[in-house]
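A quick write-up on the structure given underneath.
Nothing in this text is a laboratory measurement; each read-out follows from the coordinates by a stated rule. Since this is a predicted model, take the numbers as computed values, not measurements. No Cβ is skipped: glycine too gets one built from the backbone with ideal geometry, and neighbour counts run over all protein chains shown.
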Amino acid sequence: MKVLGACPLDCPDACSWVVTVEDGVATGLRGNKEHPVTRGALCVKVNRYLEQVGAPDRLRYPMRRTGPKGSGRFERISWDDALDEIANRLTGIIDEFGGEAVWPFHGTGSLGYLQGMEGYPGRRLFNLLGASHHRPTICSVAGSAGVRYTLGTSGGMDPEDLAQSRLILLWGTNPLSSGHHVWKFIQDSGAYLVSIDPVRTKTSERCDEHLAPLPGTDAALALGLLHVIVARGAQDDAFIAEHTEGWPEFRDLIAEYTPERVAAITGLAVEQIVGLGERIARTRPTAIRASQGMQRHAGGGMALRVLACLPGVTGDWAIPGGGLHYSTSGHFRLDLAALVRDDLLPHPVRTLSMTKLGENLLETENPPVKALFVIGANPVGSNPDQRRVIEGLSREDLFTVVLEHFGTDTVDYADIVLPATMQPEHLDVLAGYGHLYLIWNEPAIEPPGECLSTTETFRRLARRLGLTEPALYDSDDELMRQLLTGHDLDRLRADGFLKVQPGPVPAGTLQFVSARAELAGHDPLPAYTPPADPGDGLVLISAASQYFLNTIFGSNPELRRRAGESRITLHPDDAAARGITDGAPVRVANARGSFDSIAEISDRVRPGVAATPKGRWAKFSGGATVNATIAERDADYGGGAVFHDNRVEVYPR
Ligand SMILES: Nc1nc2c(c(=O)[nH]1)N[C@H]1C(S)=C(S)[C@@H](COP(=O)(O)OP(=O)(O)OC[C@H]3O[C@@H](n4cnc5c(=O)[nH]c(N)nc54)[C@H](O)[C@@H]3O)O[C@H]1N2
Ligand SMILES: Nc1nc2c(c(=O)[nH]1)N[C@H]1C(S)=C(S)[C@@H](COP(=O)(O)OP(=O)(O)OC[C@H]3O[C@@H](n4cnc5c(=O)[nH]c(N)nc54)[C@H](O)[C@@H]3O)O[C@H]1N2
Ligand code: SF4
Ligand SMILES: [Mo]
């Protein structure tokens, strides 16, 4: 039997997959050949997904902690005992401190609308209890806000249209590592390809040209390119007159960003800036593919805001194959309000920022956080400021419940662990953020042991709490229908995918001067916001690993073997200045924390920049990873994270 499903992981490609089931056992998994983006292929990680589903170390039963927090010592308990204990502790905490002392902490482990981050499973129950809301700031929010200020929507180009581009700027994105399916459209275009990345990545190596600016300086670079374009008179006056607002002010700003000034900010040569500016000036259509990496900086929102302005000056927004693709999420019109039911809240509640976990656990009062539900997240591995996160999770008075598949670094701090189903074992639907398809996930096999879906876990907890609100007991089928009102559910289920119609881009007038930004308390004019991490050490970029997806697969033996030990790439000049040789053990440190690694000396990184992949588990890495060095600071827009705005020093050990 073949069953159509969806890869649940936080990846732009949201692949449609086919599970082969024989005698109730999943014996094969491959990409859906019918899907225009998946085209029959998954990726090096998810090719091993069934290995994970059947892994001997998969969590199969509820557990209660028996050792001190962090020890990872647990005993198996029944679901009845687990739910009783959770219900008792919750009731006590809410009686004493109020509902807002409870924090449902949702992560990106699954992006499903029923079982994952996009739909906040359990939110109906938490709303009824008056729990704090959760703001998912860890991934893409700053960039989305920036794009929205310019365009009125965060959804940009249909990436399939990249096939019609003649010049493509791969700007702060490494699709060959972090979402390779777009590469087919890029290749089909035959376009001239430029990679803009402080690191020479796998993707840069396949491009015609590579520019390596200093991290966090992209807005200045974009303004410098616009300076060259406008100096050549290559702006599209008709498009500007008809579709934009604020051109005179923006043109004056562009005039200030001369190639010389921009060279000094970005560390690029004047000729590189002028050369690329002239190429854009003469090439229609030009497309920009930017993703989340370049917005993990203090000025990350502003960077995307300026990038979205660029095709507004050249008129590329009006040409198929021109424009900007950051994320397509803004194009899906699903009824999230009907799914999450915020109308069930007894009163307005506070919102806690995902990337301020350490601060929220250690400093927030009135009320303090007393109960934490970690759902599809691994904050010890993935959040900034690992030391403070661990300190917060170690609080004896904090009641922590973790819903998980594996015994992660975060599970070690749980009071109660609940085993969750994996994707072939539950119903779900996903919306790609690197394409325009809804992807259906039909359950294919029975879950092992006593694993429960997240929706079912919260239905059972509601019953244990004696709650009578009928909405808490809606079945997965009912939830799906409420979410997908207006979509052809039967076709989606039968085909496994359904393309949605993108909304217009820009939505309304493109705002060079943004009333929307001003309303939110920001500068109405875009500009360049410099990096914010103090100090003069190296800027450490910790981007996607080829072999892990965030911390998922971090315990898979084969992928761990292929990833090898932790390495940090240093430029030969930076290494020599520190007396560090290739292969030397090093300590990487700043005021926030430190981790150990092995030096790899290469000119793949530009001078002043170091790189190490994200996603390692602390327990396999001497207790600390790169996230020990990262600040819990907000980016300019939306409270986004600043993972790559991170200054460190590197010492031989
Ligand atoms: N294999 C794999 N795939 C993944 C993931 C993974 O962990 N592994 N993670 C998934 C997730 S959660 C997400 S959000 C996406 C994110 O994927 P991407 O958007 O690709 O994000 P990053 O990997 O953080 O960074 C991408 C590139 O941006 C560069 N970069 C960093 N700072 C700057 C800068 O200031 N300017 C410029 N121009 N470039 C910069 C980095 O060197 C890196 O090569 O990928 C998803 N796909
Ligand atoms: N240094 C550094 N750190 C980063 C980044 C970076 O660029 N550099 N990138 C950040 C980004 S983009 C992101 S999105 C975050 C991700 O951070 P998190 O949201 O914490 O994601 P993961 O680390 O992948 O942890 C997800 C966990 O959910 C579990 N899980 C998966 N599916 C399910 C499910 O259906 N149910 C349940 N209950 N559990 C499930 C997995 O086993 C895994 O342990 O990491 C961020 N961390
Ligand atoms: S991680 Fe991305 S590329 Fe890999 S199978 Fe999932 S959606 Fe496809
Ligand atoms: Mo992400």
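Computed from backbone phi with θ = phi - 60° and the Karplus coefficients 6.51, -1.76 and 1.60, the 3J(HN,Hα) list for region 265-281 is 6, 8, x, 9, 7, 3, 5, 5, 5, 5, x, 6, x, 5, 5, 5, 4 Hz; x is used for glycine and proline.
Simple spin-label estimate for Ala238 and Arg387 gives 6.1 nm between the two label positions (7 Å along the Cα-to-Cβ direction from each Cα). Mean separation of Cα pairs under 8 Å and 6 or more residues apart, divided by the residue count, gives the chain a relative contact order of 21 percent. Each of Ile288, Ile601 was scored by other Cβ atoms within 10 Å of its Cβ. Listed from fewest to most, they are Ile601, Ile288. Each Lys and Arg adds +1 at its Cβ and each Asp and Glu adds -1 at its Cβ; summed about the Cα centre, the chain shows a dipole of about 1080 debye. Estimated from the Cβ-Cβ distance and a Förster radius of 45 angstrom, the FRET efficiency linking Asp397 and Tyr651 is about 0.75. Stretching Arg60 away from Asp95 to a fully extended chain increases their span by 9.4 nm, per 0.36 nm per residue minus the current alpha-carbon distance. Contact order, relative form, for region 218-269: 59 percent (alpha carbon pairs under 8 Å, 6 or more residues apart, mean separation divided by residue count). Each label was represented as a point 7 Å from its Cα along the Cα-to-Cβ direction; for Glu442 and Asn47 these points are 2.7 nm apart.
DSSP bridge analysis restricted to the chain gives an antiparallel fraction near 45%, rounded to the nearest 5. Simple spin-label estimate for Thr485 and Asn366 gives 3.7 nm between the two label positions (7 Å along the Cα-to-Cβ direction from each Cα). Assuming charge only on the beta carbon of Lys and Arg (+1) and of Asp and Glu (-1), the dipole of region 538-652 about its Cα centre is about 340 debye to the nearest 20. Note on Glu278 and Asp208: the extension gain reaches 23.6 nm, defined as 0.36 nm multiplied by sequence separation minus the Cα-Cα distance. Derived scalar couplings between HN and Hα for region 374-389 equal 9, 10, x, 9, 9, x, 4, x, 9, 7, x, 6, 3, 5, 6, 4 Hz in order, rounded to whole Hz, by the Karplus curve 6.51 cos²θ - 1.76 cosθ + 1.60 (θ = phi - 60°), x for Gly and Pro. The GluC sites (Glu not before Pro) of region 306-412 meeting both criteria, a DSSP state outside H, G, I, E and B (loop) and at most 13 other C-beta atoms within 10 angstrom of the site's C-beta, are Glu363, Glu365, Glu396. Of Pro68, Leu4, Ile93, whose Cα points farthest to the positive end of the dipole of region 1-114 (charges on the beta-carbon: +1 Lys, Arg; -1 Asp, Glu; origin at the Cα centre)? Result: Leu4. Sequentially through region 456-471, phi angles give Karplus couplings (6.51, -1.76, 1.60; θ = phi - 60°) of 5, 4, 6, 4, 5, 5, 4, 4, 5, 7, x, 7, 10, 4, x, 4 Hz, Gly and Pro residues having no value and appearing as x. Here r is the Cβ-Cβ distance between Glu565 and Asp536 and R0 is 30 Å; the resulting FRET efficiency, rounded to 0.05, is 0.60. Bridging of Lys45 to aspartates and glutamates at a Cα separation below 18 Å is possible for Asp10, Asp13, Asp57, Glu558, Glu565, once same-chain residues fewer than 8 apart are set aside.
Give me Ser178, Ser16, Ser329, Ser475 ranked fewest to most by other Cβ atoms within 10 Å of their Cβ, as a rough exposure proxy.
Ordered by Cβ neighbours within 10 Å, fewest first: Ser475, Ser329, Ser178, Ser16.
Near the amide H of Leu29, within less than 5 Å, lie the amide hydrogens of Thr20, all on another chain or at least 5 residues away, with H placed in the peptide plane. Estimated at 0.36 nm per residue, the fully extended path between Leu345 and Ala507 surpasses their Cα-Cα distance by 55.1 nm. Taking 24 Å as the straight-line reach from the Cα of Lys499, the lysines in range (excluding those fewer than 8 positions away in the same chain) are Lys2, Lys33, Lys184.
Residue order for Thr286, Thr27, Thr364, Thr108, fewest other beta carbons within 10 angstrom first, comes to Thr27, Thr364, Thr108, Thr286.
For Lys356, the aspartates and glutamates whose Cα comes closer than 17 Å to its Cα, not counting residues fewer than 8 places off in the same chain, are Glu100, Glu365, Asp385, Glu391, Asp533, Glu632, Asp634, Asp636, Asp645.
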